[in-house]
Each structure stands twice: as C-alpha cells, then as structure tokens.
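Enquirer: Quick one: structure below, then a few questions.
The values are calculated or read from the model by the stated rules, or taken from the named source; none is laboratory data. Every value quoted in this text rests on a predicted model; they were computed, and no experiment measured them. Side chains included, ligands, DNA and RNA excluded: accessible areas come from the protein's heavy atoms. Shrake-Rupley method; radii C 1.70, N 1.55, O 1.52, S 1.80 Å.
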Amino acid sequence: YGQNRSRTSGESQKGRHDSAEEAGKDPYQILGVSRNASQKEIKSAFRKQAQRYHPDRVSHLGEEFQQLAKEKFQEIQKAYEILSNGAG
C-alpha cells in the first residue's frame with residue numbers, strides 16, 4: 001500500500017516526486033526532513049548535507065571517496081531541486 005500511495009495521492013504530489021521515485025530515492029529522506037517540513041527547514045537541511053558531502057571536503061582522502069562524495073552531493077542537489085520547485 002505505501003509504495004502506491006504517492007502515485008494516487010494527487011496530481012501535484014505525483015508530479016513533484018516522479019523523478020525521485022524513478023531513482024528509487026525519497027527526496028525527504030535524502031535531506032533528512034519530514035514530509036511536512038517548511039521551505040526554510042528544507043533549505044537548511046540541504047545546506048547542511050551539501051556542506052557535509054561536498055567533494056572538496058574529502059579531496060585529501062583519495063579518488064574513490066571523491067567520487068562517492070560527488071555522487072552523494074548530486075543526489076542531495078536533485079532532492080533539493082525536487083522539493084524546492086514543487087512547493088510554492
């Protein structure tokens with residue numbers, strides 16, 4: 001039931017989360033915020049996560065860590081785009 005719920009909960013919700021669902025990732029979970037988070041909370045969580053996973057912060061750890069950080073950073077950016085564009 002839970003997996004199909006978002007697809008039937010309304011057009012605005014569906015359009016807002018299709019990109020994340022296709023990737024199998026929940027943008028709220030990626031940013032670590034609740035589904036009823038305000039735009040201010042979403043932005044704050046994005047900034048914290050982006051700072052934490054920025055590839056430049058792990059440059060001293062080697063190429064493998066840089067690649068992982070880059071992928072996580074891109075995931076965080078996409079989640080923020082989905083949540084910030086879908087509201088308002």
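Enquirer: From the square roots a ≥ b ≥ c of the eigenvalues of the alpha-carbon gyration tensor of region 22-77, which class results: rounded (a/c under 1.5), prolate (a/b over b/c), or oblate?
Expert: On the way: a/c = 3.89, a/b = 1.80, b/c = 2.16.
Oblate.
Enquirer: Please work out how much accessible surface LEU31 shows to a 1.4 Å probe, ignoring ligands, DNA and RNA, in Å² rounded to 10.
Expert: Accessible area of LEU31: about 0 Å².
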